[in-house]
Amino acid sequence: MAFTRKRQREQQLQLYSKERKIRGSLKICSKSVIFEPDAISQPILKIPLRDCLKIGKHGENGANKHFAKAKSLGISLIFSQVYFIKEHNIVAPYKIERGKMEYVFQLEVSGKVEDVVETLLQLHRASCLDKLGDQMAMITAILQSRLARTSFDKNRFQSVSEKLHMECKAEMVTPLVTNPGHVCITDTNLYFQPLNGYPKPVVQITLQDVRRIYKRRHGLMPLGLEVFCTEDDLCSDIYLKFYEPQDRDDLYFYIATYLEHHVAEHTAESYMLQWQRGHLSNYQYLLHLNNLADRSCNDLSQYPVFPWVISDYSSPELDLSNPATFRDLSKPVGALNPERLERLLTRYQEMPEPKFMYGSHYSSPGYVLFYLVRIAPEYMLCLQNGRFDNADRMFNSIAETWKNCLDGATDFKELIPEFYDEDASFLINSLKLDLGKRQGGQMVDDVELPAWASSPQDFLQKNKDALESSYVSEHLHEWIDLIFGYKQKGSEAIGAHNVFHPLTYEGGVDLNSIEDPDDKVAMLTQILEFGQTPKQLFVTPHPRRITPKFKSLSQASSYNASMTDSPVSPGEESFEDLTEESKTLAWNNITKLQLHEQYKIHKEAVTGIAVSCNGSSVFTTSQDSTLKMFSKESKMLQRSISFSNMALSSCLLLPGDTTVISSSWDNNVYFYSIAFGRRQDTLMGHDDAVSKICWHNDRLYSASWDSTVKVWSGVPAEMPGTKRHQFDLLAELEHDVSVNTINLNAVSTLLVSGTKEGLVNIWDLTTATLLHQISCHSGTVCDAAFSPDSRHVLSTGVDGCLNVIDVQTGMLISSMASEEPQRCFVWDGNSVLSGSRTGELLVWDLLGAKVSERIQGHTGAVTCIWMNEQCSSIITGGEDRQVMFWKLQY
């Protein structure tokens, strides 16, 4: 039987057979007639249409004697074979009765007899065609004809005030069965009305309840749409398959537009950011990736795929602190056994094109039902022509299954999400199914668990603990690279021994190019049975997770060392810990920012802010060419210094608060002694305007419009008037275009630069080499900065985008658009406080991909922003020449 059967009609009726009268429902499917009695003790009858000898109306033209008393016409089926299903309400292999038989079905609404008989005759003609392609074409035509003669019943609307936006034909998809009908969307609800009124007259989903929607491939075609009303549930609320891609896309657009105002849209990159920062568990992240990659519980050929993570199923105790307990997540299942892999590679080398390493997939309908046979036995019976698999090939033991995946010549299957969920029923034969007897004589019953599991619930809990363990958290990105990422296809897949049959990959075959309908159906059936590789979500290496070990970074660490462990002793409390607590508290209340004071101390836009350690003195630079010193205590301007008639672009205070450095559009960097009140040094190091400067450990970093970032060594002269200090150029980081901004990571091993053409560059300062160059803005990069843990870079540009980049891989993992460019910002890795061109301060929730708060501030663009170490005090400067002092109120 084909994977899907379409339920055409369902009618309440009475069955007359051998003078017995049985009430029930008649279901006319695309290739069979099914009668389901009301009395559960009676078996369900399935009559394949191809086995029907005669179909007609009963009760006219000399009806059989024992039906003569029938009150109205019935439907007569004469056939050669019938299947009996669930006899005595027991799920068991189908019983088959052969020989010429006649059943009569009397409908409660006699006026529909002629219509039903006509449909049966049409479907019977289709089932008797020689070619499978011709059969499917005729069945589709019959279905479309029926759908064209009906429409959605508007009386099913929840409210008379609802406005209809769209109506079209579609099918509701469930495992193995699709149900045709009509989809209708209004301003408040999504409806699906089955043609046959089964399982209920109308399925209704309130748009306000929708949380996620996904476009789906169904039968390799872009026709599916799945709707979820929850954030993390495995199963959706409805899965629809449309007949035209445009209908699917139109409905998706309408719901997505509605959701834009209510729910943040999530991409693989936004989920990745949440996962990296510990806001999603490994289980939740894998569920989301599966959903984004077209995997659905309603499609057995694309069921969600989860990894084996434990490799020890023999020890009496499970030691999750021992790396040997875990499976190597950097290898596909087929490559875990070196001896088997060697044999497979030998065959691969000798194979003609197209080559593949594995003759079976890691996820297929057969494998899914292998795991779920105890809770979905009817699916397996339907898939395997009414029979269970051989008892010795059933899912009998966890350890046996794992061993077979390691050693079997054609067994490379991964797991399904149920292994990490709450419900252990798929491990227990609670239905008391007769699944057969094994060669050793024992009956197949509950799944045999490892010695370290005391019960099915304990097994699942330990599996979940393993999935969320430190080892898996640190290595899960390697498995994601294989299944959803850059090692899924091409040369990287070959190098990772991760090559499956070409037909399993998206785009592996173009069904539309196959002209013969028989060949097309055969190809589709083969692909669906074999299994499909998930849609590729990432084309560059997936970043690893930020585990709790990465609490602090060593001062001496290089780029590579900054990615290694730097543990903090348990229970160790320090001033730094208290500072971290105050930072967390401040960022949690950042939306409560309030303007405290404001002063207009410049004649043009403010470009830079620096504050003394005790917070009493504030230094600002401006396009009016001046450096100003303002006293917070006396609230008075104390000094105004001009080095040239050109604009100053930024400023910073050297440690000790004795020297202020300013960068200028006149190509120079100026050192000003606070104690002596005069310029003490000038660095003439660039051929164009200096746009930004940074300082760390006696090193100056200067960015310029001359397309360079230069690293200088040297301490300015202590006493003004003494010989001028010689600055040594340690490194020159060359760019192709003007550099607009730079920033250092916390330990000054990395530098990020942003250019006027939208490039963000990440540099390793220990070797003065470019690690990554990301083209992620369509114009000038306004600002760029590392997260406190050095894992991510955030950049803003004149294009209005806020982009998050993973430092380790250079991958753009999140991008959000704002209505106006954000000229400057500060951030803690999760939240952002940015200054907008409109003068507002915006608080961004990066993980939720939304603006949490808009705070009115300047009357022109916010051009620079400063935040103290405790994150409790903020100063901004703007094009309106104002310097504003902000405080958190909590």
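The values are calculated or read from the model by the stated rules, or taken from the named source; none is laboratory data. Keep in mind that this is a model prediction, so the values were computed, not measured. Methodologically, a virtual Cβ is constructed for each residue, glycine included, from the backbone with ideal geometry; neighbour enumeration extends over all protein chains shown. Surface accessibility is based on the protein's heavy atoms, side chains included, excluding ligands, DNA and RNA. Shrake-Rupley method; radii C 1.70, N 1.55, O 1.52, S 1.80 Å.
For helix 398-407, what angle does its Cα long axis make with the longest principal axis of the chain, in degrees from 0 to 90 and rounded to 10?
For 398-407 against the chain, the angle is about 80 degrees.
How far is it, in nm, from the label point at residue 768 to the one at residue 430 when both lie 7 Å from their Cα along the line to the Cβ?
So the label points at residue 768 and residue 430 sit 6.8 nm apart.
Quick check: net charge around residue 735, other residues with Cβ under 11 Å of its Cβ, Lys/Arg +1 and Asp/Glu -1?
Working: positive: 756; negative: 706, 732, 734, 736, 757.
Local charge sum for residue 735: -4.
How high is the FRET efficiency between residue 675 and residue 868 when r is their beta carbon distance and R₀ equals 30 Å, given to the nearest 0.05? Mind showing how you got there, number by number?
On the way: r = 23 Å, r/R0 = 0.77.
That gives a FRET efficiency of 0.85.
Within the chain, what whole-number % of the accessible surface is contributed by carbon and sulfur, with the 1.4 Å probe and all protein chains included in the calculation?
Values: 18100 of 38040 Å².
C and S atoms contribute 48 percent here.
Taking only Cα atoms, what is the 0 to 90° angle, nearest 10, from helix 517-530's long axis to the longest principal axis of the chain?
For 517-530 against the chain, the angle is about 70 degrees.
Based on alpha-carbon centroids, what's the gap between segment 162-195 and segment 433-465 in Å, whole number please?
41 Å
How big is the Rg/Rh ratio for segment 721-850, C-alpha atoms only, Rh by Kirkwood, two decimals? Spell out each step's value before the answer.
Details: Rg = 15.5 Å, Rh = 15.2 Å.
That ratio is 1.02, to two decimals.
First measure r as the distance between the Cβ atoms of residue 638 and residue 470, then evaluate 1/(1 + (r/R0)^6) with R0 = 51 Å and state the FRET efficiency to the nearest 0.05. All intermediate terms of the calculation are to be shown ahead of the outcome.
Working: r = 53 Å, r/R0 = 1.05.
In this case the efficiency is close to 0.45.
Roughly how many Å² is the accessible area per residue of segment 745-890, as a whole number, for a 1.4 Å probe? It would help to have the intermediate numbers written out before the result.
Details: 4570 Å² over 146 residues.
Roughly 31 Å² per residue, with all protein chains present.
May I ask you to order 124-134, 408-418, 657-667 by the average number of other C-beta atoms within 10 Å around their residues, highest value first? Display every interim value, and only then the final one.
Values: 124-134: 15.4, 408-418: 18.7, 657-667: 21.8.
Ranked from most to least packed, the peptides come out as 657-667, 408-418, 124-134.
Among the listed pairs 27/535; 355/520; 355/489, give every one whose C-alpha distance is greater than 24 Å.
On the way: 27/535 36 Å; 355/520 22 Å; 355/489 13 Å.
With Cα atoms farther than 24 Å apart: 27/535.
Straight distance only, please: which aspartates and glutamates reach the Cα of residue 437 with their own Cα at less than 12 Å, same-chain residues fewer than 8 apart left out?
Residue 437 reaches 389, 392, 445.
How much net charge surrounds residue 437 when only other residues with a Cβ under 12 Å from its Cβ are counted (Lys, Arg +1; Asp, Glu -1)? Don't skip to the end; give the middle numbers.
Numbers: positive: 438; negative: 392, 434, 445.
Once all neighbours under 12 Å are counted, the net charge is -2.
Using a/c under 1.5 as the rounded threshold, could you call segment 623-757 rounded, prolate or oblate? The axes a ≥ b ≥ c are square roots of the C-alpha gyration tensor eigenvalues, and prolate needs a/b larger than b/c, oblate otherwise. Mind showing how you got there, number by number?
Values: a/c = 1.63, a/b = 1.42, b/c = 1.15.
Note, shape of segment 623-757 comes out prolate.
Mind checking which aspartates and glutamates have their Cα closer than 14 Å to the Cα of residue 600? Skip sequence neighbours fewer than 8 apart in that chain.
Partners within reach: 624, 879, 880.
Which net charge results when you count Lys and Arg as +1 and Asp and Glu as -1 among the other residues whose beta-carbon is under 13 Å from that of residue 712?
On the way: positive: 699, 710; negative: 681, 698, 728, 732.
So the surrounding residues net to -2.
Put a dot 7 Å past each Cα toward the Cβ at residue 852 and residue 748; how far apart are the dots in nm?
3.2 nm
Please report the accessible area of residue 400 (heavy atoms, 1.4 Å probe, ligands and nucleic acids excluded) in Å², nearest 10.
Here the residue's solvent-accessible area equals roughly 80 Å².
Before rounding to the nearest 500, sum -39500 (n - 2.57) across all DSSP H runs of length at least 4 in the chain and divide by the residue total; then give [θ] at 222 nm in deg cm²/dmol. Spell out each step's value before the answer.
Details: 14 runs with 166 residues, N = 890.
That comes out to -6000 deg cm²/dmol.
I'd like the distance separating the alpha-carbon centroids of segment 247-326 and segment 364-380, in whole Å.
So the separation of the two Cα centres works out to 21 Å.
What is segment 738-783 by shape, rounded, prolate or oblate, if you read a ≥ b ≥ c off the alpha carbon gyration tensor as root eigenvalues and call it rounded for a/c under 1.5, prolate for a/b larger than b/c, and oblate otherwise? If you can, show how the numbers build up before the last one.
Values: a/c = 2.60, a/b = 1.82, b/c = 1.43.
Here segment 738-783 falls in the prolate category.
I'd like to compare 767-776, 747-756, 435-444: which one has the highest average count of other Cβ atoms within 10 Å, and what's the full order after that?
Values: 767-776: 15.2, 747-756: 23.4, 435-444: 13.1.
The most tightly packed comes first, giving 747-756, 767-776, 435-444.
How many Å² of accessible area per residue for segment 213-257, probe 1.4 Å? Working shown, then result.
Numbers: 1730 Å² over 45 residues.
Ligands and nucleic acids excluded, the result is 38 Å² per residue.
What angle do you read, to the nearest 10 degrees and between 0 and 90, between the alpha-carbon axis of helix 282-292 and the longest principal axis of the chain?
It works out to around 70 degrees.
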